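Trainee: Structure incoming, see below.
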Amino acid sequence: MRLSPAPALDPSLAGSLVLLHLAVVAGRLALLSSASVSASGLESVRCRLQGTPRPPAFSQDGDFVIGGVFSIHYYMHTVDHSYTSLPEPLQCTGSLDSRELRFSRAMVFAVDEINNSSDLLPGVTLGYQVHDSCTTVPMAVKVAFQLANGLDPMFDTGEQCSGSPTVTAIVGESGSTPTISMLRIIGPFGIPQVSHFSTCACLSDKKQYPTFFRTIPSDQFQAAALAHLIRHFGWTWIGAVRSDSDYGNYGMAAFLQAAQEEGICVEYSEAFSRTNPLSRVQRVADVIRSSTASVVVAFVSYRDMKILLREIDSLPSPPRQWIGTESWVTDPDMLRFGLCAGAIGFGIQRSVIPGLRNFLLDLSPQKVSNSPLLTEFWEGAFGCRLGIGTSSTDIGVEEKVCDGSEDIQQLQTPYTDTSQLRVTNMVYKAVYAIAHAIHSIVCEERENSTVNCDKNLNVKPTQVLERLRRVNFSRNGYQVSFDANGDPVATYELVNWQIQESGKMEFVTVGLYDGSLPPDQRLDIEREITWLKNSTQVPVSVCSESCPPGTRKAVQTGKPVCCYDCIQCAEGQISNKSDSSDCLICPEEYWPNAERDLCILKPVEFLSFHEVLGIILTACSVGGALLAIATAAVFYRHRHSAIVRANNSELSFLLLFSLALCFLCSLTFIGRPSEWSCMLRHTAFGITFVLCISCVLGKTIVVLMAFRATLPASNVMKWFGPPQQRLTVVSFTFVQAMICTLWLVLSPPFPVKNITTYKEKIILECDVGSAIGFWAVLGYIGLLSLLCFVLAFLARKLPDNFNEAKFITFSMLIFCAVWITFIPAYVSSPGKFTVAVEIFAIITSSFGLFFLLFVPKCFIILFRPEKNTKKHLMEKTSNDIRY
């Protein structure tokens, strides 16, 4: 028989189409057994199938036949090919999967329910052919050929052994790899296949698999859901195992990509299959035992998972938090593995199918004996043999005979467990989807709301394929439809393996995942989750502990990004959240706190009246001013005494007044700088000191002139009398006042925040504005001081009792030394100490002048009044030098 392909096929499939034509022809090699030849050629052809057809597990005739393929057995009998005789027929072996048996029986139930329905396909009978693929590709391919060609060993056809497919659509397979193999055979002919359990994301590719549909969500959605779940619980260091099949490889690839996008690292990714040598499974188990990741994601089929868990359970192993896929996380047969207590994973939504349980349990002895598959199930479930007497087995133990007293109602197997109908409902919906597609082709609704169906209509698989794309109906409260890729809407239940008070482990639905919602709303956890070791605390699985605020992550060389060291943020930087990749630089006027997790305003620092240094300097300043005032009072009281009159009382009072101002001007340097205080402090300092030095300079000139006036024919004093002295002081001071005025007009001092000297604090200080103005003021003071020093030095040899020049010389020497030392100290002192150095220089130089010029005189006035006479001042000492 040769099938006619669908007319609307992708041209890229043309090559494979020819090969498949040949394959199908080979599958139904026709041998001419008899023929009557006329002038027109062959009138009839008798064809025969090559090989032995394998009968279906369950079958029923109908107007339209639906195929079904399920992995009811675990293995296929290995056939040795001698190439000298025909190969043996393919046979299933191994134990029977009662869960898959339930899936196949659910298909039969759905077909019977539709046949008894008055709404769907009324008057039309659906038939079915349910086959066992033995979970293998060769058997799945054989079944695909049989569903396409039929089971008749001999048949009459047209001239080329061609005909229509025997089925209009196929439900199945349970595994992705066998499904792909089947699609390669039947896909090019337009036969639709609706799977209930093939979740490989690769099957969504409509270019390769245009005839594929499924009622279970694609692994692409599940992979994203698993990555979202793992990130939700803060796990960044996980292990991964997968089945070495299309399901496991494609599913894990999608998961790893989603995990990478979520910032999750995988310590290991191991693949295995139940057909691998035991050593391979042991190696995977050893990797899991020795790993540091406490969370393991298993993208594994339930058959492979049983073998892996059995191997892990054979030796002591650290507890692991298992994250499962829908393939095994809701399989009741897996609950016997206590090491998975606390496992979580996504399962298909639980559902209710009315009447299914009664149908499954309605197994009379006649039904069981008429079906080899049900017979095998019955004998395996009850440990007896049907239809035989007591006999010895190969191991010498007598077999029990099934006597009819077996009660299936009391049987506890996945076949009878209908409390967790998840994948079973996918089978149920697949059958109904095909039925609705056929209904839309053969049935039409009349004006009187009656439905008329034409069961004799020739329905092609390609027509069913086209109608399946538009299927949209609701059954038992569940919506059924397919998107452009043949996939349904992705909705999952979050299932948790919890140990009940009775000690029995059960599946508990703790949340929902809806892939149609926005990313931040997809996962909804409704109940408390029980984790490994029956704990309510979320386990921790990270390569490195979380970096606290104030630190940043530094990736360890040669390791994944999840393995890192926590490095404290650099000076001036912070991180205000955990696991920061980079630190943030604080704004200019901010500085990190001690923990470096918050930028705080830098403390503003200036020389304050309230701190110890400010108090000391204030006390010295005020004390010096008071001493100057007290000295002025003493001089005023003894203003008629000889020593006061001899030392130019007018300049002495003016000098004391300027010294008091010098002491007091230092107060303007203390306190918070402002525009006015910055201008006042420098100008007051410059003018008062020039006034002070001008007075000292005037006294020095007076001493020199007085000495010169004592010489014969000298008339010098008339040129430097009191008016000239006043004019000298005013002139020198006026020059400084003009310098200060120009400074204030052109570029005055102003307050500024110094953020460069100290990184962790702000120094509030006065910027001099014009550096030329500042140094001009200081230079002018220095020039007058130097001039005064030179003149006083020239007058140092005057008679002792009269000589004030010595004290002026020493005072100017101290003054100049202080201010020369001040320059480097001022430049190098940081912050508020710059101001303190300037105040110290002012106070020190002022005290130097005061003590050397007035303290000796006050001592004579107060304590040696006998020396405060004109006679004593006019006496010549032994040290007198005459000129």
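Trainee: Show the residues, 5+ positions off or on another chain, whose built amide H is closer than 5 Å to the amide H of GLY127.
Mentor: For GLY127, whose amide H was placed from the backbone, the distant partners under 5 Å are GLY62, ASP63, PHE64, VAL65, ILE66.
Trainee: Could you check what % of the DSSP bridge pairs in the chain are antiparallel, to the nearest 5? All intermediate terms of the calculation are to be shown ahead of the outcome.
Mentor: Numbers: 52 of 89 bridges.
So the antiparallel bridges amount to about 60 percent of the total.
Trainee: Mind pulling the angle between the C-alpha long axis of helix 805-828 and the longest principal axis of the chain? Nearest 10 degrees, somewhere in 0 to 90.
Mentor: 10 degrees
Trainee: Roughly how many debye, to the nearest 20, is the charge dipole of segment 612-874 about its Cα centre, given +1 on each Lys and Arg Cβ, -1 on each Asp and Glu Cβ, and no other charges? Can you show the working numbers first?
Mentor: Details: 21 positive and 9 negative charges, 174 e Å.
Computed charge dipole of segment 612-874: roughly 840 debye.
Trainee: Quick one: dipole size for the chain, taken about the Cα centre, charges +1 on Lys/Arg Cβ and -1 on Asp/Glu Cβ, in debye to the nearest 20.
Mentor: The dipole of the chain has a size of about 6780 debye.
Trainee: Using the Karplus curve 6.51 cos²θ - 1.76 cosθ + 1.60 with θ = phi - 60°, work out ³J(HN,Hα) for each residue of segment 262-270 in order, rounded to whole Hz, and write x for Gly and Pro.
Mentor: Values, residue by residue: 8, x, 9, 10, 10, 5, 8, 9, 10 Hz.
Trainee: I need ILE615, ILE860 ordered by Cβ neighbour count within 10 Å, fewest first. All intermediate terms of the calculation are to be shown ahead of the outcome.
Mentor: Details: ILE615 13, ILE860 18.
Going from least to most buried by this count: ILE615, ILE860.
Trainee: Over segment 612-874, what is the mean sequence separation of C-alpha contacts under 8 Å (at least six apart), divided by residue count, expressed as relative contact order in percent?
Mentor: Details: 323 pairs, mean separation 60.2, N = 263.
Computed over segment 612-874, the figure is 23 percent.
Trainee: Using only DSSP helix segments of four residues or longer, with each worth -39500 (n - 2.57), what per-residue ellipticity at 222 nm results for the chain after dividing by its residue count and rounding to 500? Let's see the in-between values first.
Mentor: Numbers: 23 runs with 354 residues, N = 883.
The helix-only estimate for the chain comes to -13000 deg cm²/dmol at 222 nm.
Trainee: What is the chain's relative contact order, in percent, from Cα pairs under 8 angstrom and six or more apart in sequence?
Mentor: On the way: 1591 pairs, mean separation 76.5, N = 883.
Reported relative contact order: 9 percent.
Trainee: Of ALA169, HIS196, ILE230, whose Cα points farthest to the positive end of the dipole of the chain (charges on the beta-carbon: +1 Lys, Arg; -1 Asp, Glu; origin at the Cα centre)?
Mentor: Of ALA169, HIS196, ILE230, it is ILE230.
Trainee: For segment 91-98, just list the computed ³J(HN,Hα) in residue order, Karplus coefficients 6.51, -1.76 and 1.60, θ = phi - 60°, integers in Hz, with x standing in for Gly and Pro.
Mentor: Karplus-based 3J(HN,Hα) across segment 91-98 equals 9, 7, 8, x, 6, 8, 8, 5 Hz.
Trainee: Pairs LYS761/LYS832; LYS759/LYS832; LYS699/LYS857; LYS207/LYS429: which are spaced more than 18 Å apart, C-alpha to C-alpha?
Mentor: Numbers: LYS761/LYS832 12 Å; LYS759/LYS832 15 Å; LYS699/LYS857 15 Å; LYS207/LYS429 25 Å.
Pairs exceeding 18 Å: LYS207/LYS429.
Trainee: Under 5 Å between amide H atoms, partner at least 5 residues away or on a different chain: which partners does THR869 have, H built in plane at 1.01 Å?
Mentor: The list, which skips near neighbours in sequence, is empty: none.
Trainee: Averaging sequence separations of C-alpha pairs under 8 Å and six or more residues apart, then dividing by the length of segment 540-646, give the relative contact order as a whole percent. All intermediate terms of the calculation are to be shown ahead of the outcome.
Mentor: Numbers: 141 pairs, mean separation 19.1, N = 107.
Over segment 540-646, the number comes to 18 percent.
Trainee: Among GLY550, VAL777, LEU121, flag the residue with its Cα farthest along the positive direction of the charge dipole of the chain, charges on Cβ as +1 for Lys/Arg and -1 for Asp/Glu.
Mentor: Working it through, the farthest residue towards the positive pole turns out to be VAL777.
Trainee: What's the angle, to the nearest 10 degrees (0 to 90), between helix 14-27's Cα axis and the longest principal axis of the chain?
Mentor: 40 degrees
Trainee: Moving on to the next point. Would you order TRP775, TRP743, TRP328 from fewest to most other beta-carbon atoms within 10 Å of each residue's own beta-carbon?
Mentor: Numbers: TRP775 13, TRP743 23, TRP328 26.
Least to most surrounded, the residues fall as TRP775, TRP743, TRP328.
Trainee: Lys/Arg Cβ at +1, Asp/Glu Cβ at -1, dipole of the chain taken about the Cα centre: which of ALA298, TYR826, PHE734 is farthest positive-ward?
Mentor: Checking the options against the dipole of the chain, the answer is PHE734.
Trainee: Nearest 10 degrees, 0 to 90: what angle lies between the long axis of helix 278-290 and the longest principal axis of the chain (Cα atoms)?
Mentor: Roughly 30 degrees, rounded to the nearest 10.
Trainee: Based on Cβ point charges of +1 for Lys and Arg and -1 for Asp and Glu, what charge dipole magnitude is obtained for segment 551-601 about its Cα centre, in debye rounded to the nearest 20? Spell out each step's value before the answer.
Mentor: On the way: 5 positive and 8 negative charges, 61 e Å.
Once rounded to the nearest 20, the dipole reads 300 debye.
Trainee: For each of GLU447, GLU675, GLU270, count neighbouring Cβ atoms within 10 Å of the residue's Cβ, then give the residues from fewest to most.
Mentor: Numbers: GLU447 5, GLU675 12, GLU270 21.
By the 10 Å Cβ count, ascending: GLU447, GLU675, GLU270.
Trainee: Here's a follow-up. Eigenvalues of the Cα gyration tensor times 5, then square-rooted: what semi-axes does that give for the chain, in whole angstrom, largest first?
Mentor: On the way: eigenvalues 2639, 159, 100 Å².
Three semi-axes, in Å: 115, 28, 22.
Trainee: Taking θ = phi - 60°, what integer Hz values does the Karplus form 6.51 cos²θ - 1.76 cosθ + 1.60 yield along segment 291-300, in sequence order, with x for Gly and Pro?
Mentor: Working through the residues one at a time gives 6, 8, 6, 8, 10, 10, 9, 10, 9, 10 Hz.
Bear in mind that the values in this text are calculations on the coordinates, not laboratory data. Quick caveat: nothing in here was measured; it's all calculated off a predicted structure. Counting neighbours? That spans all protein chains shown, and the Cβs are built from the backbone with ideal geometry, glycine included.
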